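Everything below concerns the one structure shown next.
The values are calculated or read from the model by the stated rules, or taken from the named source; none is laboratory data. All figures in this text were calculated on a predicted structure; none of them were measured in a lab. Neighbour counts are summed over all protein chains in view; Cβ atoms, including those assigned to glycine, are modelled from backbone coordinates with ideal geometry. Ligands, DNA and RNA are excluded from the accessible area calculation, which covers all protein heavy atoms including side chains. Shrake-Rupley method; radii C 1.70, N 1.55, O 1.52, S 1.80 Å.
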Amino acid sequence: MKTTRNFARGSLAAIVILSASSTFSYASPQDYEFQLVSAEVKQGPDAEVAVRLVDKRSGHPVSDAVIFTTRMDMAPEGMETMTTPVEELPSGEAGTYKFKTNLSMEGGWRFQLGAKVQGEGEVKGEVVVKATP
């Protein structure tokens with residue numbers, strides 16, 4: 001009888017915990033997006049591109065992400081195989097990530113990024129930067 005009562009209490013406690021945990025909402029990678037700080041960047045070997053990682057649910061910048069992959073190419077101009085190295089730079093603004101690259105030609109450059117957001121997983125996105133003279 002005592003064992004049955006303990007089992008019933010344990011089962012009830014488990015149901016309460018599961019019910020409470022299912023009411024919390026968790027973010028998914030689609031809840032985040034990369035946004036350009038400036039859509040136009042001066043062409044050249046020391047071009048700086050800044051992007052924000054934003055939580056779309058709140059509109060707030062995400063400052064604790066770890067950028068783990070970048071790729072810059074000229075896909076918007078039909079030259080996807082034309083790539084250039086990207087180097088991450090320090091940024092003084094929360095949620096803003098700065099990069100140095102060589103935008104050797106005028107026109108559109110696709111910038112693909114991958115980041116890990118603490119507790120949320122991987123976020124991938126791309127933006128198009130316009131290199132101007």
Ordered by residue, what ³J(HN,Hα) values in Hz, to whole numbers, does region 38-54 give under the Karplus form 6.51 cos²θ - 1.76 cosθ + 1.60, where θ = phi - 60° and Gly and Pro are x? 9, 6, 10, 9, 5, 4, x, x, 10, 5, 10, 10, 10, 10, 10, 9, 10
Once you put a point 7 Å from the Cα of Glu88 and another 7 Å from the Cα of Glu40, both along the Cβ direction, what distance in nm separates them? 3.0 nm
Near the amide H of Tyr32, under 5 Å away, which other amide H atoms are found, from residues 5 or more places off or on another chain, if H is placed in the peptide plane? Lys56
Calculate, in nm to one decimal, what Lys56 and Thr69 gain on full extension: separation in residues at 0.36 nm each, minus their alpha carbon distance. 2.6 nm
Give the lysines reachable from Lys130 as a straight Cα distance under 30 Å; neighbours fewer than 8 places away on the same chain don't count. Lys42, Lys56, Lys98, Lys100, Lys116
Could you pull the accessible area for Glu126 with a 1.4 Å probe, rounded to 10 Å²? 100 Å²
Using amide H atoms built in the peptide plane, which far-off residues or other-chain residues are under 5 Å from Ser63 H to H? Gly95
Can you list the chymotrypsin sites (Phe, Trp or Tyr not before Pro) in region 35-133 that are in a DSSP coil and have 11 or fewer other beta carbons within 10 angstrom? none
Residue-level accessible surface for Val86, protein heavy atoms, 1.4 Å, Å²: 40 Å²
If amide H atoms are built 1.01 Å from N in the plane of the peptide, which residues on other chains or at least 5 residues away come under 5 Å of the amide H of Ala47? Thr101, Leu103
Vicinal HN-Hα couplings computed from phi for region 88-104 (Karplus, 6.51 cos²θ - 1.76 cosθ + 1.60; Hz; Gly/Pro x): 6, 10, x, 10, x, 10, 4, x, 10, 10, 10, 9, 10, 8, 10, 8, 6
Taking the Cα of Asn102, stepping 7 Å toward and past its beta carbon, and measuring to each backbone N in region 35-73: which are under 12 Å? 44-47
Heavy atoms of the protein only, probe of 1.4 Å, neighbouring chains included. What is the accessible area of Thr84 in Å², nearest 10? 20 Å²
